[in-house]
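Contents: one structure, followed by commentary.
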Amino acid sequence: MFAAFSVQRRKRLAGRVAAAVLTSGLIAGGSIAGAAVAAAEEGPQHQGGASATLNGLTTYDRAVLHADGKDKELPAGLFEMAVDGGGTLKTYCIDIHNPTQQKAKYLETSWDQTSLGRNKDAGKIRWILQHSYPQVDDLAGLAKEAGAGALTKETAAAGTQVAIWRYSDGVNVEALDPAAEKLADWLQEKAQNLEEPKASLSLDPAAVSGPAGTKLGPITVRTNAERASVNAPDAAGVKVTDKDGKPVTEAADGTQLYVDVPAGTADGSATFSVQATTSVSVGRAFSSVSKSQTQILAGSSESTVSAQATATWAKKGAIPALSAKKNCAKGGVDITATNEGDESFSFELMGFKYSIGAGESKTVTIPVAEDQAYDFTIDLPGGEKKTFKGVLDCKTTSSTTPTGGQQPSSQPSPLSGGTTSAGTSGTGGTGDLAETGASGATPMIAGIAAAFVLVGGGAVFFLRKKKSATTGQ
C-alpha cells in the first residue's frame, strides 16, 4: 500500500511531521512530547512486577572484548539491585555496548520490549542462568561438571557473564581467568532454548472504561505468587469486585477483577493496585527508565511486586481507556485506545488525528528512535490528559556508537561497574558506576532524523482496529 504513495504525498507527510516536531514541542530536551501543554506528572509506564534501583557490580572478575581489531579489558560479573518495597535482585548484563547509570531505576519487563524479543538465542541465556552461578552455588560441583578446575564466586560470575554476552550481544569475548573461560565455553556449548519466564505480577488489560452504573472489566491477574492483595481504588464509592459484584481484597493467578462504579457517580477515573511478595523468576528482563544497560535476572530474594490498573467512566459520550507498550519489533511505542462510550473519541499525536468509534479499539504504533526518550500526552474528554513516557531501548548496540573502528563507548557497560587494579577481581563494592551515556543532543537529532526517515519511507504508523472484546457488565 505504501509503495503506491507519490513523491509529493511523501513530502507532504514529511512536512506535517516536521511542522509538528518544530512547532508543537514534539522534541524537547531530548524527549518526544505529545502536546505543548504538560499533563500531571506521571512515572514511566510499567506492565507490572518488580521495580528496583541498581546498586552496582558486586561480584566480578576480568574479561577481554575483541572488537574492531582491538582488545578491551573489562570487568564481568553480577550486579545487585534493591527492590522498591523490599528485596534484592542479582542480575547479569545483556547490553554490553551501553553504559550503566549510577543508581538507575529499573522495571521488570517482558522480552519483547527489549533486545531479547528478536534474539533467537534468548532462551539459551535463561538456560545458562539456571545452570550456573548464583543459581548453582556448589562451585566445586559446577567446576567439575564444566571441567573448569577451581572456581571462586568471582570467576564463576565472570564465566557466566561471558557466556551470556556471546548469546545476548553476539560478541567475541573471553574470560581472562582460565577456569572462568572453561566455564563460559561449557555453558555456551550446553545451552538449550527455554521459554520466557512469566511475569511476577501483571494486570491485563491495564486500563478499562465504560458507563457509570456498570462493572468495568474484566481485568485478569497474572502472577507467580500464591496470593496478592488488592487495594481499594482511589475514588469514593468505587470498588474492586468479582463478576457477581462481591468485593475482592485478595487475588491469585487467573483471578478476574471488575471495577464497580455506582450509578450516578460523577464522570471520572480511578486507579487501583495489586501487590504481592514473591521471588521474581530467573530470566526476567529488567530495563532502565533512563538510558542504562538492560539486565537479566539471575536470582531473587522474596521481593515486593506490584501492578496498577485504571478505570474510566462517564454517563455518556466518549469513554476512552488508554494504555501504552513498547514495540521493539516495529521500533516504536504502541498506544492502544479503547472506547466504551456511545460517541467517537478522537485524539491528535505527532501531527496526526485518530478516531475510535463507540465500542471500538485501535492500536497506533508511534515511531521512536533507538535510545530515544519519549513523552506523549493525549487530551481526554473533560479536559484531562494522559501521559506516556519512557526510553526505547531495543538494541544491544547504542545509537551513539562511534564509527571508524573506535570503541563503542569511552565506558562500555562492564566498565561501568566497580573495578580494582587491572587484572584483579572484586566482590562487594559498588565501585565507580559510570554516569556516561548518550548526550542530550544526540537523541534529539536521532529523533528528528528517524521521524523524517520513517515518514519518507511511508511506514509511519501501524494501526489495528477491532471491536472491543470486553464491555462493562
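Just so it is clear, none of the values below were taken in a lab; they were calculated from the coordinates. Remember, it's a predicted structure, so these values are computed and weren't measured experimentally. Cβ sites come from the backbone with ideal geometry, for glycine too, and all protein chains shown count toward neighbours.
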Report summary line: Protection proxy (average C-beta count within 10 Å per residue), highest first, orders 142-151, 348-357, 276-285 as 276-285, 142-151, 348-357
Requested in this report: For segment 248-257, just list the computed ³J(HN,Hα) in residue order, Karplus coefficients 6.51, -1.76 and 1.60, θ = phi - 60°, integers in Hz, with x standing in for Gly and Pro.
Outcome: 10, 10, 9, 9, 10, 4, x, 4, 9, 10
Report summary line: Expressed in angstrom, Rg and Dmax over the Cα atoms of segment 41-128 are 15.0, 47
Query - Net charge over other residues, Cβ less than 10 angstrom from the Cβ of ILE366 (K, R count +1; D, E count -1) - result: 0
Report task. Please work out the Cα center distance from segment 269-290 to segment 109-164, rounded to the nearest Å. Result -> 23
**Report entry** Chain lengthening between LYS353 and GLU384 when straightened (0.36 nm per residue, less Cα-Cα)
**Finding:** 9.4 nm
Report summary line: With the convex hull built on the alpha-carbon atoms of segment 116-168, volume per residue in Å³ sits at 70
Requested in this report: For segment 270-367, would you read off the P(r) tail past 23 Å as a percentage of all alpha carbon pairs?
Outcome: 47
Query raised in the report: What is the calculated FRET efficiency for GLU189 to ALA140, with r their C-beta to C-beta distance and R₀ = 25 Å, to the nearest 0.05?
Result: 0.75
Requested in this report: Taking amide H positions as placed in the peptide plane 1.01 Å from N, state which residues far from ASN55 in sequence (5 or more) or on other chains have amide H under 5 Å from it.
Outcome: GLU80, MET81, ALA82
Query raised in the report: Name the residues of segment 78-121 whose amide N is less than 16 Å from a point 7 angstrom out from the Cα of GLN130 along the C-beta direction?
Result: 121
Query raised in the report: P(r) for segment 173-318: what percent of alpha-carbon pairs falls in each 5 Å bin, starting at zero?
Result: 2, 9, 15, 16, 13, 11, 9, 7, 6, 4, 3, 3, 2, 1, 0
**Report entry** ³J(HN,Hα), Karplus 6.51/-1.76/1.60, whole Hz, each residue of segment 191-207, x for Gly, Pro
**Finding:** 4, 10, 6, 10, 6, 5, x, 7, 5, 5, 6, 8, 10, 10, x, 8, 8
Requested in this report: Compare the peptides 373-381, 155-163, 117-125 by average per-residue count of other Cβ atoms within 10 angstrom and give them in order, highest first.
Outcome: 155-163, 373-381, 117-125
Query raised in the report: How long is the gain from SER301 to ARG118 if the chain were fully straight, where each residue apart is worth 0.36 nm and the alpha carbon distance is subtracted?
Result: 63.0 nm
Query raised in the report: Restricting to lysine pairs 8 or more places apart or on different chains, what number in segment 182-314 have Cα atoms under 25 Å apart?
Result: 6
Query raised in the report: Once the Cβ-Cβ distance between GLU73 and GLN275 is put in as r, and R0 is 41 Å, what FRET efficiency do you end up with, to the nearest 0.05?
Result: 0.40
Requested in this report: For GLN256 paired with GLN308, estimate the spin-label separation in nm (one decimal), with each label point 7 Å from Cα along the Cα-to-Cβ line.
Outcome: 2.6
Report task. Any chance you could run the full-extension gain for THR220 through ALA150? It's 0.36 nm times the residue separation minus the Cα-Cα distance, nm to one decimal. Result -> 20.4 nm
Query raised in the report: At what distance in nm do the modelled label points of HIS66 and ALA236 sit from each other, each positioned 7 Å from its Cα along Cα→Cβ?
Result: 7.1
Query - Phi to ³J(HN,Hα) by Karplus 6.51 cos²θ - 1.76 cosθ + 1.60 over segment 53-67, Hz, x for Gly, Pro - result: 10, 6, 8, x, 7, 10, 9, 7, 9, 10, 9, 10, 9, 9, 8
Query raised in the report: With a sphere of radius 11 Å drawn around the Cβ of ALA329, what net charge do the other residues whose Cβ falls strictly inside it have (Lys, Arg +1; Asp, Glu -1)?
Result: +1
Report summary line: segment 206-281 -> Rg/Rh from Cα coords, Kirkwood Rh, value 0.99
Requested in this report: List the relative contact order of segment 78-131 as a percent without decimals, with contacts defined as Cα pairs under 8 Å and 6+ residues apart.
Outcome: 17
**Report entry** Other-chain or far-sequence residues with amide H under 5 Å of VAL333's (modelled H)
**Finding:** ASN327, ILE366, VAL368
Report summary line: Computed about the Cα centre, the charge dipole of segment 230-321 from +1 Lys/Arg and -1 Asp/Glu charges at the Cβ has a magnitude in debye, to the nearest 20, of 300
